[in-house]
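Report on one structure; see the data block that follows.
The values are calculated or read from the model by the stated rules, or taken from the named source; none is laboratory data. Values in this document were obtained by computation on a predicted structure and should not be read as measured data. Reconstructed Cβ throughout: ideal geometry from the backbone, glycine too, with neighbour counts over all protein chains shown.
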Amino acid sequence: MATDPPPPTEAVDTAEAPAETVVVERRPLWQRVVKWGAIAVTGVVLIAGLLFAGLNTQPGRDFVAQQLNRLSLASGLNFRVGKIEGSLFGAMKLRDVEVRDTQGTFATAREMDRVEAGDLVVFRTAGAYAAAMSSTYNSRPLTPEVLVDGSRWALVRPRIEVDRLIAADSIPDWLAGCAGAASS
């Protein structure tokens with residue numbers, strides 16, 4: 001039996017055999033749009049979350065300090081921050097802060113805690129920016145002055161609001177008719 005030849009196989013004519021039909025069913029368009037939209041939104045949220053968490057690392061804080069150092073206002077006022085310590089979203093300390101304008105540095109702080117709206121910030125030396133050299137030129141209000149003694153402080157010269165500055169101006173009688181004469 002081990003020496004029996006294999007049974008003969010029948011030859012199949014491929015021309016007569018029916019061709020197989022493959023049917024591919026696709027999901028409806030709205031399901032595909034929802035699926036890929038959800039994948040895209042999840043990816044964006046994941047990347048934003050990683051960036052947000054990465055900002056609170058030392059390289060992230062260094063990046064924020066570099067961005068602050070690149071910021072310059074139209075007036076030429078800019079800031080230099082040496083280092084940011086602590087959490088950007090909590091107890092943050094700024095080290096080696098400089099406030100500068102086109103003439104150079106006019107205020108420095110070796111260490112500065114987080115400043116919130118309404119907090120008082122003291123610049124112990126402000127040079128020509130102090131009250132002695134300030135003016136109301138172009139209706140700019142004067143800087144308020146605060147006297148500080150240890151943990152005590154008092155407002156000794158309040159800011160004069162712009163409305164009061166403008167109200168102090170007057171037009172002489174001999175110019176009162178000029179505006180009407182020029183417009184007629």
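In this structure, does Gly86 turn out to be surrounded by 12 or more Cβ atoms within 10 Å (Cβ to Cβ) and at positive phi? Explain how you work it out, then say what you get.
Working: surrounded by 12 or more Cβ atoms within 10 Å (Cβ to Cβ): yes; at positive phi: yes.
Yes, satisfied.
Only one of these is at pLDDT 85 or above and either part of a strand (DSSP E or B) or at positive phi (or both): Arg32, Arg80, Arg61. Name it. Steps first, answer last, please.
On the way: Arg32 fails: either part of a strand (DSSP E or B) or at positive phi (or both); Arg61 fails: either part of a strand (DSSP E or B) or at positive phi (or both).
Among Arg32, Arg80, Arg61, only Arg80 is at pLDDT 85 or above and either part of a strand (DSSP E or B) or at positive phi (or both).
For the stretch 65-77, give me each residue that is part of a helix (DSSP H, G or I) and in contact with a strand residue (DSSP E or B) (Cβ under 6 Å, 6 or more places away or on another chain). Show your work before the answer.
Of the stretch 65-77, the ones part of a helix (DSSP H, G or I) are 65-70.
Within the stretch 65-77, Ala65, Leu68, Asn69 qualify.
Take the conditions of a type in the set (A, V, I, L, M) and touching a strand residue (DSSP E or B) at 6+ places or on another chain (Cβ under 8 Å) and apply them to Val44. Does it pass? So that I can check it myself, show each step before the final result.
Numbers: of a type in the set (A, V, I, L, M): yes; touching a strand residue (DSSP E or B) at 6+ places or on another chain (Cβ under 8 Å): no.
When the stated conditions are applied, Val44 does not pass them.
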